[in-house]
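A short worksheet on the structure shown next.
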Amino acid sequence: MSTSSPPRLLRALSGETLERPPIWFMRQAGRSLPEYHALRTRAADFIAFCLNPEMAAEATLQPMRRFPLDAAIVFADILLIPQALGQDVWFEPGEGPRLGALPEIAALAEQVEASTDRLSAVGETLSRVRAELEPDRALIGFAGGPWTVATYMIEGRSSNREASRTFAYQNPEQLDALLEVLVDATARYLIMQARSGAQVLKIFESWSENLAEDVFERIVVKPHVAIVEKVRAAGVTAPFIGFPRGAGALVESYAEGVPVEGVALDTQASAALGRRLQAQGKTIQGALDNLLLRAGGPALDARVDELLAQWGDGAYIFNLGHGILPDTPIDHIARVVARVTGQPVKALASA
């Protein structure tokens with residue numbers, strides 16, 4: 001009986017150096033694809049879209065049909081957890097997320113166990129995708145990092161996070177209590193995702209910038225360690241990718257302190273930083289500029305080649321330093337995928 005090799009993404013996360021790196025893109029599920037926008041019109045609102053397994057599975061699979069990407073990432077949103085915990089969450093068209101007043105921390109804590117059941121639709125989405133996705137293509141589940149989610153819960157919207165950082169200084173005990181609730185809810189959520197078919201788990205700490213080292217350790221590193229430990233204690237062995245976006249030089253302390261298999265790097269990451277992390281046994285991911293992907297042209301080709309040259313002789317996953325922008329031309333995405341995989345651009349560009 002023949003056996004197929006593990007998905008390329010899992011091989012990279014196990015530390016293998018491959019003949020070419022696996023490739024996938026953050027925010028590949030939707031936004032830039034016309035078929036996504038057609039699907040989106042069928043949902044009453046964005047959260048209803050995320051919690052509709054049939055539609056969310058279709059959004060997850062759409063980029064996999066267009067491009068020979070090595071992994072799918074479940075279509076969901078990091079703010080599903082606050083809603084599942086009882087905070088009001090909605091999305092204003094053209095403006096982004098809005099959240100109601102932060103509930104009492106004790107009230108949030110009482111909802112942790114129930115929150116996972118309220119997110120069961122995401123598990124069904126993963127099961128549907130895994131059933132349709134080819135076995136050599138990996139499926140990624142994810143959650144927002146506790147600090148990032150807390151910033152939205154505190155401020156009620158996307159912002160420059162000044163109010164959240166001030167809150168962290170002025171109300172350290174209250175913030176720690178909120179992060180503890182989010183750690184518990186996030187770990188439960190990720191365990192459910194792994195049991196539903198996710199083969200890789202990613203923590204998106206999107207707002208790691210401008211944090212002092214001691215604060216970064218307390219509100220980013222410590223919660224991530226706790227999440228991984230809780231997930232591992234439940235018997236889940238799926239590898240983790242941690243993404244402390246904007247952390248700068250503190251990425252190295254993150255990699256040393258958090259037991260993740262992969263570390264995603266943002267656009268500012270230097271070649272030397274990535275090589276140091278690889279030498280420490282971490283698989284690295286990133287760090288193509290999403291603005292360059294949108295711009296295209298010879299500079300895009302040159303940067304793709306540079307990233308492949310500087311990190312491709314180690315454990316590396318090709319990706320962006322941030323998510324695909326909605327107005328990114330599909331041909332630019334196809335061109336990068338072709339350059340990394342060696343498959344023809346023309347075939348990729350067709351729907």
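Any read-out appearing in this document is the output of simple, stated calculations on the displayed coordinates, not a laboratory observation. In this text, all values refer to a predicted model and were calculated from it rather than measured experimentally. All Cβ positions, even for glycine, are placed from backbone atoms using ideal geometry, and neighbour counts span all protein chains on display.
Structure summary
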| item | result |
| --- | --- |
| 5 angstrom amide H check on G246, placed H, neighbours 5+ away | D266 |
| Residues I78, I227, I317, sorted so that the one with the fewest Cβ neighbours within 10 Å comes first | I78, I317, I227 |
| Residues L179, L300, sorted so that the one with the fewest Cβ neighbours within 10 Å comes first | L300, L179 |
| Under-25-angstrom lysine pairs by C-alpha in the chain, whenever the two are 8 or more apart or on separate chains | 6 |
| Residue-count net charge about R276 - beta-carbon cut-off 10 Å; Lys, Arg +1, Asp, Glu -1 | +1 |
| Segment 106-206: C-alpha gyration tensor shape, a/c 1.5 cut-off, then a/b vs b/c | prolate |
| 222 nm mean residue ellipticity, helices alone, for the chain (DSSP H n ≥ 4; -39,500 (n - 2.57); rounded to 500) | -14000 deg cm²/dmol |
| Which label in [x] 38, 23, 19; [y] 51, 21, 17; [z] 30, 23, 20 gives the computed semi-axes √(5λ) of the Cα gyration tensor in Å | [z] |
| Estimated vicinal HN-Hα couplings, Hz - segment 112-124 in sequence order (Karplus 6.51, -1.76, 1.60; Gly, Pro = x) | 4, 5, 5, 4, 5, 4, 5, 9, 4, 4, 5, x, 5 |
| Positive minus negative residues near T17 (Lys, Arg vs Asp, Glu; Cβ under 14 Å) | +2 |
| Whole-Hz ³J(HN,Hα) from phi, Karplus 6.51 cos²θ - 1.76 cosθ + 1.60, for segment 127-141, glycine and proline x | 4, 5, 5, 4, 5, 9, 6, 4, x, 8, 10, 7, 10, 9, x |
| Footprinting exposure proxy for M55, M64 (fewest neighbouring C-beta atoms within 10 Å first) | M55, M64 |
| Amide proton proximity set for G144, modelled H, under 5 Å, gap of 5+ | F204 |
| Tilt relative to the chain, helix 172-195 - C-alpha long axis, 0 to 90 degrees, to 10 | 50 |
| Summed residue charge, Cβ within 12 Å of W90's Cβ, Lys/Arg positive, Asp/Glu negative | -3 |
